[in-house]
Amino acid sequence: MTAFARFGALTVLAAAALCVPAVPVAAPPPPLPVDEAFALRASWIDGSVQLRVEVAPGHYLYADRFEATWAGKPWPALQRSLTAGGKPKQDPHFGLVRVYDAPVEAKARVAPADAQSPAAFSIVFQGCSEVAGICYPPAERKFALTAGGRDQLPSNRETQSLKDLFRKQVSQ
């Protein structure tokens, strides 16, 4: 076979390859609102507060990104309980970190001097969605717990989706 014939055969093969339809790549689903990705509930029973965070499938929370406050002051007992667990994960942004990809439960006693009902405490947290390929900005959720209250929701939940939050503004 001559060089010209080989070149012609390669040209035909290359053209045929270009005519093969591309395999469509599915776009990732839109991200869940933060309160659907990470649903928080708190209970105040027998002088202790129990916090539960549900983690949606395909999502994870950074264990070291929790901050807890009681009546506006740092609450180290609950914060230690939240940051003590998790499993190692090689994160593309932060390297080796500890994360929760399953429900998280933390419990801490309330000092008798602070046990006024209702009482305000807040949690700051941050997580990511592997499904949507995004990391959520840090979020703060506030609770106004009453003594004996069970499964109370944060007072400042958001129902707006991240897609809506990042919608282009007129000035952009």
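The values are calculated or read from the model by the stated rules, or taken from the named source; none is laboratory data. Source: prediction; values computed, not measured. Using ideal geometry, Cβ is built from the backbone for each residue, glycine included, and neighbour counts are taken over all protein chains shown.
When the range 135-158 is limited to residues that are farther than 22 Å from residue 31 by Cα, assigned to a strand (DSSP E or B) and not aliphatic (A, V, I, L, M), the one that is nearest to the chain's Cα centre (by Cα) turns out to be 142.
Is at least one residue of the range 125-132 without any contact (Cβ under 8 Å) to a residue 60 or more places away in the chain and of a type in the set (Asp, Glu)?
No, the range 125-132 contains no residue that is without any contact (Cβ under 8 Å) to a residue 60 or more places away in the chain and of a type in the set (Asp, Glu).
Looking only at the range 59-100, residues that are in a strand (DSSP E or B), without any contact (Cβ under 8 Å) to a residue 40 or more places away in the chain and among the hydrophobic types (A, V, I, L, M, F, W, C) come to 3 in all.
For the range 28-50: of the residues being in a strand (DSSP E or B) and touching a Ser or Thr at 6+ places or on another chain (Cβ under 8 Å), which is modelled with the lowest pLDDT? Going through the qualifying residues, I end up with 44. When the range 106-124 is filtered for residues that are closer than 18 Å to residue 43 by Cβ, surrounded by 13 or more Cβ atoms within 10 Å (Cβ to Cβ) and of a type outside the set (Gly, Ala, Ser), the ones remaining, listed by number, are 107, 109, 110, 114, 121, 123. Look at (1) modelled with pLDDT of 80 or more; (2) more than 16 Å from residue 74 (Cα to Cα); (3) among the charged types (D, E, K, R) and you find that residue 142 fails only one, number (2). Scanning the range 108-134 for residues that are at pLDDT 95 or above and either among the charged types (D, E, K, R) or part of a loop (DSSP other than H, G, I, E, B) (or both) gives a single hit, 126. Scanning the range 46-75 for residues being closer than 18 Å to residue 109 by Cα, surrounded by fewer than 13 Cβ atoms within 10 Å (Cβ to Cβ) and not small (Gly, Ala, Ser) gives a total of 3.
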